[in-house]
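To keep things clear, I will list the structure first and then write my remarks on it.
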Amino acid sequence: MPFIPHTDEDIREMLAAIGVASIERLFDEIPRELRGGALAGFPPALGEMEIARLMRGRAERDGTYLNFIGAGAYEHHIPAAVWQVATRGEFYSAYTPYQAEASQGTLQLLYEYQTMMASLVELDVTNASLYDGASALAEAVLMAVRAHRSSRKVLVPLTVHPAWRKVVRTLVRNQGIELVEVPYCSESGHTLPGALARFEGRDFAALVIPQPNFFGVLEPVDELTDWARAGGALAIATVNPTALALLKPPGKWGGRGADIAVGDGQPLGAPLAGGGPYFGFMACRRDLVRQMPGRIAGATVDAEGRRGYVLTLQAREQHIRRSRATSNICTNQGLMVAAATIYMALPGPDGLAAVARACHANTLALVSRLTAVGGVARAFSGAIFHEAVIRLPVPAAPVLNALKAQGILGGLNLAHDYSGLGHALLVCATEARSEEDLARYAEHLARIVGRRTRPAAGALKPGSKT
Amino acid sequence: MLIFELSRPGRRNAAQAPAAGVEASGIPARCLRTQPLLLPEVSELDAVRHYTALSQKNYSIDTHFYPLGSCTMKYNPRVCNELAMLPQFRARHPGAPDDTGQGFLACLFELQEMLKSVTGMTQVSLAPMAGAQGEFAGVAMIRAYHDSRGDAPRGEILVPDAAHGTNPASAVMCGYTVREIATDADGNVEVAALKAAVGPRTAGLMLTNPSTLGVFERHILEIRDIVHGAGGLLYYDGANLNAILGRVTPADMGFDVIHINLHKTFSTPHGGGGPGAGPVGVNARLAPFLPLPVVGRAKDEYRLLGERDLPLSIGRLGAHLGNAGVLLRAYVYMRMLGARGMQRVADFATLNANYLMAELAKAGFEVAFPRRRASHEFIVTLKHLKEKTGVTAMDVAKRLLDKGFHAPTTYFPLLVPECLLIEPTETESKQTLDAFAAAMKEILEEARRDPQRVKSAPHATPVRRLDEVKAARELDLAWRPVNRER
């Protein structure tokens with residue numbers, strides 16, 4: 001019996017101790033007409049060797065690709081130590097540290113994580129994680145509405161990740177919150193402070209400010225933050241943690257800083273893994289902490305005065321406050337935070353900044369190589385961090401397919417989410433891409449685009465009249 | 001010692017960062033960071049040793065019996081982790097086309113099928129990233145269903161008072177008001193109270209069965225008829241699915257929508273507080289509203305279904321497709337158990353709970369519902385012990401830590417005073433349960449003989465009892481270096 005240790009003798013003794021004749025009898029409170037529960041179509045058991053063979057076969061069939069997609073999930077080098085330590089059973093198979101004295105490892109790690117994350121964003125407090133960046137943004141919107149009190153309207157620029165905007169809509173729409181779109185400048189690729197003029201004088205709970213934005217472009221965060229705060233709205237920053245090693249942190253935006261910062265922690269040690277698990281981070285000003293959702297670790301002392309750590313401010317949470325909690329979140333993404341903490345400790349401050357600079361330089365080099373191909377150009381003029389939108393002279397889908405046939409994932413096709421941009425691709429080259437990788441992409445792109453923009457060579461027969 | 005206190009200026013991990021010297025040439029100066037970054041400067045050995053030492057301060061399933069009620073802390077097979085982390089799965093970008101991940105999607109599709117089989121539901125979405133997000137999705141589907149029929153006045157969700165706190169919190173996030181239903185003396189939903197509460201405002205009832213009181217809801221068929229008769233829908237909180245796998249399905253009990261905690265029933269790791277996964281299952285009438293994406297199959301080709309395929313969907317819950325790596329771990333686990341293994345889970349989880357309940361009763365503990373069978377968990381109440389000795393459920397929990405056991409869930413459900421909710425799970429042996437019962441018996445004797453010893457526990461953990469009041473009053477949520485003003 002897989003993972004069940006009972007011997008026949010154990011079973012006999014246990015049934016005798018309970019005073020029943022069979023295990024079957026233990027289910028006698030279930031109405032008879034309900035019992036049965038045949039598992040239609042459920043496959044038979046596999047041993048460890050068989051399931052390993054099946055999974056390895058499927059993994060090999062999927063293969064690996066040279067990846068130039070970012071769009072919210074970034075391929076970074078993850079030091080071997082990160083997951084070897086994070087998957088130690090003491091981290092991997094523990095649960096939420098409700099019994100603090102038996103969970104000091106997880107709790108101290110959370111406290112260290114909160115310290116690192118607070119420094120990255122330069123805000124006072126952070127929580128111990130939410131599900132992902134998109135759902136963290138939804139929680140930030142809900143939090144801003146709670147804190148603001150008079151408005152249930154939130155301004156969301158179209159330069160925020162389109163999937164994140166969809167998630168926010170799903171998670172807040174049943175609470176009567178209105179999301180108002182803010183257009184972007186089609187030349188620079190970022191939100192223009194002037195575009196907010198039309199909202200002047202209206203009451204908004206918050207303005208969302210992405211840095212960098214979905215197009216990889218840097219937003220004028222100081223002006224946007226000041227605009228929000230001058231009008232009484234909260235400023236919600238959505239930020240990339242790698243970029244924060246290099247970019248001005250949200251707590252220092254504008255005159256007074258952003259109020260809330262959220263983002264996806266995936267770049268900090270989480271493998272791409274087909275889309276998750278990642279984690280969402282959230283930070284805020286100290287006076288908003290009682291509106292913050294999710295778990296928070298805090299330092300205290302034990303009965304002998306020694307430093308120790310507990311989950312704190314639990315009166316915000318669903319297991320205490322029930323229908324009046326700040327959120328329904330319970331289980332969050334603890335293990336991903338363990339990995340992120342170890343990840344941040346390894347390269348240290350200079351190392352993380354070096355990763356950020358390498359991503360930035362690689363993406364600039366990629367863009368320069370790709371735009372050297374005839375007819376390929378950058379779509380926006382604004383400065384970028386580690387992603388860029390390029391415009392092709394031909395539709396993107398067949399080009400991406402031809403690249404895929406060469407083992408290259410050439411970027412994200414923006415035709416669905418931003419149809420007005422033409423044949424646009426969002427591309428990314430992190431520090432994990434080498435010079436050879438960039439050259440390989442550019443060579444194949446030149447060949448594929450060249451073939452599609454010129455008449456086929458075979459069509460020009462010698463002597464034919466043109 | 002904090003990692004920051006190990007830090008020494010100038011210490012570098014040359015192997016763990018790209019070569020220096022690259023400039024951030026394309027970024028305008030006004031966008032750049034000028035504040036120092038408070039990350040430790042330590043060697044790789046420092047970091048590995050520090051976090052290994054921290055891990056050793058944790059109790060975990062791999063190191064301790066962990067009978068945390070309602071959390072199903074069963075063994076997490078190591079192979080599930082190894083196979084979910086195969087290089088190709090690990091490197092897969094969520095934006096990669098479906099045709100580059102047919103093996104990956106085949107696993108997820110088959111997981112959906114297996115979850116349908118064990119729950120009896122018609123369709124499943126793997127999108128929710130935890131149980132509470134599954135609850136949100138389920139209640140949002142209930143709302144979308146009523147709205148689609150123009151049945152908007154249904155603004156109320158009914159929740160038994162024994163329910164997890166996530167139930168009322170999730171209902172509120174979907175814009176509902178919550179009405180609590182009382183529990184009777186035997187742990188069942190009070191049918192008269194339910195009858196009095198249902199009506200044209202009822203959108204649905206959220207129910208955990210077996211309940212958080214560790215008993216099977218005997219009136220389930222009557223409850224089903226009352227709620228459905230009033231036009232409401234039935235929501236199944238799958239927190240306790242482990243107790244009934246292969247014995248009875250939520251679909252047969254009449255539930256319209258359910259969520260499943262893969263990190264409980266299907267053995268994916270709890271990770272110190274996640275990541276979990278909370279897939280939702282529905283019957284045919286709620287299928288159009290499932291959260292996105294759903295894995296579809298046509299002619300042996302797997303594809304992620306989106307807005308065009310399910311235009312009435314409640315939408316997306318996360319940027320990508322949920323906690324995919326958790327889903328792969330659950331897939332491996334379920335394939336290893338197979339159909340027969342699924343049934344054995346409920347059988348042995350129930351055997352272990354009833355055995356431990358009998359042993360603790362023999363040892364002198366007061367079982368909260370002595371006339372009932374235990375499901376996969378049960379409650380001991382220390383109300384009388386507290387009256388006699390002053391020793392509380394929390395004291396006993398802390399004393400258990402000294403004896404090498406993680407504590408059961410304490411003070412939940414809220415309606416049983418001084419309660420311990422104990423869930424041994426099927427992966428524990430009789431010998432482990434006997435050792436736990438013996439430790440409990442020792443603590444009971446000690447509470448009568450030397451209550452102060454129990455009240456001052458734990459004595460053997462890395463720290464003694466921690467001051468939670470101080471933590472909440474004098475908030476210290478991040479370390480600050482002595483010589484640096486932040």
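The values are calculated or read from the model by the stated rules, or taken from the named source; none is laboratory data. Note that the coordinates shown come from a computational prediction; the quantities given were computed from them, not determined experimentally. Don't worry about glycine lacking a Cβ; one is built from the backbone with ideal geometry, like all the others, and counts go over all protein chains shown.
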Practice prompt. Restricting attention to the stretch A:315-348, report how many residues are modelled with pLDDT of 95 or more, assigned to a helix (DSSP H, G or I) and at the interface with another protein chain (Cβ under 7 Å from one of its Cβ atoms).
Written response: 7
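Table: residues versus (1) closer than 14 Å to B:Gly278 by Cα; (2) among the aromatic types (Phe, Trp, Tyr); (3) within 9 Å of chain A (Cβ to nearest Cβ); (4) over 21 Å from the mean Cα position of the chain (by Cα).
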position: B:Pro87; (1), (2), (3), (4): no, no, yes, yes
position: B:His93; (1), (2), (3), (4): no, no, yes, yes
position: B:Ala96; (1), (2), (3), (4): no, no, yes, yes
position: B:Cys107; (1), (2), (3), (4): no, no, yes, yes
position: B:Glu110; (1), (2), (3), (4): no, no, yes, yes
position: B:Leu115; (1), (2), (3), (4): yes, no, no, no
position: B:Gly120; (1), (2), (3), (4): no, no, yes, yes
position: B:Ala137; (1), (2), (3), (4): yes, no, yes, no
Practice prompt. Quick one: A:Arg229 ticks every box in (1) in contact (Cβ under 8 Å) with a residue 24 or more places away in the chain; (2) touching a helix residue (DSSP H, G or I) at 6+ places or on another chain (Cβ under 7 Å); (3) not small (Gly, Ala, Ser) except a single one, so which number is it?
Written response: (2)
Worksheet, complete the sentence: For the stretch B:294-344, the count of residues that are under 19 Å from A:Asp132 (Cα atoms), within 9 Å of chain A (Cβ to nearest Cβ) and not in a loop (DSSP other than H, G, I, E, B) equals 6
Worksheet, complete the sentence: Given (1) under 20 Å from A:Gly265 (Cβ atoms); (2) facing chain B (nearest Cβ under 7 Å), A:Arg306 misses just (1)
Worksheet item: Of the residues B:Leu68, B:Leu32, B:Leu45, B:Leu37, which single one is over 37 Å from the mean Cα position of the chain (by Cα) and more than 30 Å from B:Val295 (Cβ to Cβ)?
Response: B:Leu32
Practice prompt. Look at B:Arg143 and say whether it is surrounded by 22 or more Cβ atoms within 10 Å (Cβ to Cβ), in contact (Cβ under 8 Å) with a residue 40 or more places away in the chain and assigned to a loop (DSSP other than H, G, I, E, B).
Written response: no
Discussion item. Here's a check for you: in the stretch A:295-321, which residue that is in contact with a Ser or Thr (Cβ under 9 Å, 6 or more places away or on another chain) and among the basic types (Lys, Arg) is surrounded by the most Cβ atoms within 10 Å (Cβ to Cβ)?
Written reply: A:Arg295
Discussion item. Taking the conditions exactly as written (under 14 Å from the mean Cα position of the chain (by Cα), more than 25 Å from B:Tyr59 (Cα to Cα), surrounded by 24 or more Cβ atoms within 10 Å (Cβ to Cβ) and among the β-branched types (Val, Ile, Thr)), does B:Ile244 satisfy them or not?
Written reply: no
Discussion item. B:Glu442 - would you say it is more than 10 Å from chain A (Cβ to nearest Cβ), surrounded by fewer than 21 Cβ atoms within 10 Å (Cβ to Cβ) and either in contact with a helix residue (DSSP H, G or I) (Cβ under 6 Å, 6 or more places away or on another chain) or among the hydroxyl-bearing types (Ser, Thr, Tyr) (or both)?
Written reply: no
Fill in: Criterion (of a type in the set (S, T, N, Q) and within 7 Å of chain A (Cβ to nearest Cβ)) met by exactly one of B:Thr72, B:Thr34, B:Thr52
B:Thr52
Practice prompt. Give the stretch A:291-320 a look and list any residue that's in contact with a strand residue (DSSP E or B) (Cβ under 9 Å, 6 or more places away or on another chain) and β-branched (Val, Ile, Thr), or say none.
Written response: A:Ile296, A:Thr300, A:Val301, A:Val310, A:Thr312
Worksheet item: Taking A:Gln291, is it polar (S, T, N, Q), more than 9 Å from chain B (Cβ to nearest Cβ) and touching a Gly at 6+ places or on another chain (Cβ under 9 Å)?
Response: no
Discussion item. Here is a list: A:Ala361, A:Ala365, A:Ala353. Which entry is closer than 18 Å to A:Ile69 by Cβ, outside the structural domain of A:Leu110 (by TED's automatic domain parsing) and small (Gly, Ala, Ser)?
Written reply: A:Ala365
Discussion item. Being of a type outside the set (D, E, K, R) and more than 7 Å from chain B (Cβ to nearest Cβ) narrows it down to one residue among A:Gln114, A:Gln108, A:Gln84; which is it?
Written reply: A:Gln84
Worksheet entry | Selected residue (criterion: surrounded by the fewest Cβ atoms within 10 Å (Cβ to Cβ)) from residues of the stretch A:1-10 that are more than 7 Å from chain B (Cβ to nearest Cβ) and over 47 Å from the mean Cα position of the chain (by Cα) | A:Asp8
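Output the residues belonging to the stretch B:170-195 that are in contact (Cβ under 8 Å) with a residue 40 or more places away in the chain and either part of a loop (DSSP other than H, G, I, E, B) or touching a Cys at 6+ places or on another chain (Cβ under 6 Å) (or both).
Filtering the stretch B:170-195 for residues in contact (Cβ under 8 Å) with a residue 40 or more places away in the chain gives B:183, B:186-187.
Selection gives B:Asp186, B:Gly187.
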Item to complete: Pull up the stretch A:142-166, narrow it to residues that are surrounded by 24 or more Cβ atoms within 10 Å (Cβ to Cβ) and under 21 Å from B:Ala130 (Cα atoms), then point me to the one that is farthest from the other protein chains (Cβ to nearest Cβ).
Response: A:Met143
Discussion item. Any residue at all in the stretch A:276-283 that's touching a Phe, Trp or Tyr at 6+ places or on another chain (Cβ under 9 Å), crowded, with 24+ Cβ neighbours inside 10 Å and facing another protein chain (nearest Cβ under 7 Å)?
Written reply: yes
Response to the item:
Checked pairs for the stretch A:163-190, first part of a helix (DSSP H, G or I), second at pLDDT below 95, C-beta under 6 Å and 6 or more apart or across chains, list as none
Practice prompt. Taking B:Ser60 as meeting all but one of (1) surrounded by fewer than 23 Cβ atoms within 10 Å (Cβ to Cβ); (2) at the interface with chain A (Cβ under 7 Å from one of its Cβ atoms), write down the number of the exception.
Written response: (1)
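Can you name every residue in the stretch B:226-272 that is of a type in the set (Phe, Trp, Tyr) and in contact with an Asp or Glu (Cβ under 9 Å, 6 or more places away or on another chain)?
B:Tyr235, B:Tyr236, listed by residue number.
For the stretch A:199-207, state whether one or more residues are over 23 Å from the mean Cα position of the chain (by Cα), within 24 Å of A:Val427 (Cβ to Cβ) and assigned to a loop (DSSP other than H, G, I, E, B).
Among the residues of the stretch A:199-207, not one is over 23 Å from the mean Cα position of the chain (by Cα), within 24 Å of A:Val427 (Cβ to Cβ) and assigned to a loop (DSSP other than H, G, I, E, B), which makes the answer no.
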Item to complete: Would you mind stating whether A:Met1 is under 18 Å from B:Thr432 (Cβ atoms) and not in a loop (DSSP other than H, G, I, E, B)?
Response: no
Discussion item. Residues to consider are B:His320, B:His263; find the one that is farther than 23 Å from B:Phe348 by Cα and assigned by TED's automatic domain parsing to the domain that holds B:Gly231.
Written reply: B:His320
Worksheet item: For the stretch B:37-50, how many residues meet the condition of being touching a residue at least 24 places away in the same chain (Cβ under 8 Å) and either out of contact with any helix residue (DSSP H, G or I) (no Cβ under 7 Å at 6 or more places or on another chain) or assigned to a helix (DSSP H, G or I) (or both)?
Response: 5
Item to complete: Name, by its number, the condition in (1) modelled with pLDDT of 95 or more; (2) part of a helix (DSSP H, G or I) that does not hold for A:Gly194.
Response: (1)
